[in-house]
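The values are calculated or read from the model by the stated rules, or taken from the named source; none is laboratory data. All values reported here derive from a predicted model rather than from experimental measurement. Counting neighbours? That spans all protein chains shown, and the Cβs are built from the backbone with ideal geometry, glycine included. Quick note on the areas: whole protein, heavy atoms, side chains included, nothing else; ligands and nucleic acids left out. Shrake-Rupley method; radii C 1.70, N 1.55, O 1.52, S 1.80 Å.
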Amino acid sequence: MKKLLGEERRAFLLDLLKTEGKAITGTEFAQRTNVSRQVIVNDIALLKARNEPIVATSQGYIYFNQKASVQIFERQIAAYHTSDQTEEELNTLVDAGITVKDVTVEHPVYGEITANIMVKNRYDVQQFMNKLQETNASPLMALTDGAHLHTISAPTEAQLDLAEKLLIEKGYLLKKD
């Protein structure tokens with residue numbers, strides 16, 4: 001493939017993100033456009049600066065386009081568990097039909113730190129866990145000894161309620177006062 005330049009490349013990236021319907025890694029974009037991964041990172045930053053709803057996840061970049069006709073319910077939950085229980089927590093949530101959008105921790109120096117997760121099924125959870133292992137990274141909640149928040153979403157309030165109930169049963173949800 002010939003090297004795509006500037007605006008033509010960014011238009012190509014945006015079109016792929018919109019039509020693929022799955023996460024695409026920076027490396028995959030670089031191969032498809034015959035440029036370096038760093039060029040792709042810069043292109044994505046430019047597209048995000050133009051208010052394109054692109055989200056970077058551990059699986060790659062996704063185009064986050066919520067259709068207005070589909071109502072999505074969302075809430076933030078407070079969780080607490082060990083790093084070793086991260087996979088079980090995420091699988092519990094996705095098994096209830098939940099999308100885990102992000103994780104947030106309160107750092108004593110930096111304040112609130114939020115990172116996108118965007119996992120919606122067991123395959124996504126496995127990819128996320130593999131990425132943690134491959135990079136020898138710790139989950140963000142390791143900074144706060146296990147306390148963290150998740151923004152979760154689902155097509156129904158009942159699914160959000162079920163997810164909370166399941167996390168309470170496992171002892172992972174911090175109770176509301």
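Take region 1-34 and flag every residue that is part of a helix (DSSP H, G or I), among the small types (Gly, Ala, Ser) and within 11 Å of TYR61 (Cα to Cα).
Pass one, region 1-34, residues part of a helix (DSSP H, G or I): 6-20, 26-33.
Those left that are additionally among the small types (Gly, Ala, Ser): 6, 11, 26, 30.
The answer is GLY26, and nothing else.
Conditions tested, residue by residue: (1) farther than 30 Å from GLU157 by Cβ; (2) of a type in the set (Phe, Trp, Tyr); (3) out of contact with any Asp or Glu (no Cβ under 8 Å at 6 or more places or on another chain).
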{"position": "GLU8", "(1), (2), (3)": "yes, no, yes"}
{"position": "PHE12", "(1), (2), (3)": "yes, yes, yes"}
{"position": "THR33", "(1), (2), (3)": "yes, no, yes"}
{"position": "GLN38", "(1), (2), (3)": "yes, no, yes"}
{"position": "PRO53", "(1), (2), (3)": "no, no, yes"}
{"position": "GLN59", "(1), (2), (3)": "no, no, no"}
{"position": "TYR63", "(1), (2), (3)": "no, yes, no"}
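Could you identify the single residue in ARG37, ARG10 that is at negative phi, modelled with pLDDT of 90 or more and open to solvent by 70 Å² or more (accessible area, probe 1.4 Å)? Break it down stepwise before answering.
Numbers: ARG10 fails: open to solvent by 70 Å² or more (accessible area, probe 1.4 Å).
Just a single option satisfies the conditions, and that option is ARG37.
Give the residues of region 111-147 that are among the hydroxyl-bearing types (Ser, Thr, Tyr) and within 12 Å of the chain's Cα centre (by Cα), sorted by residue number.
Residues of region 111-147 among the hydroxyl-bearing types (Ser, Thr, Tyr): 114, 123, 135, 138, 144.
Once the filter is applied, which keeps residues that are among the hydroxyl-bearing types (Ser, Thr, Tyr) and within 12 Å of the chain's Cα centre (by Cα), region 111-147 yields only THR114.
ALA56: modelled with pLDDT of 90 or more, part of a strand (DSSP E or B) and closer than 29 Å to LEU167 by Cα, yes or no? If you could, list the steps in order and put the result at the bottom.
Working: modelled with pLDDT of 90 or more: no; part of a strand (DSSP E or B): yes; closer than 29 Å to LEU167 by Cα: yes.
Answer is no for this residue.
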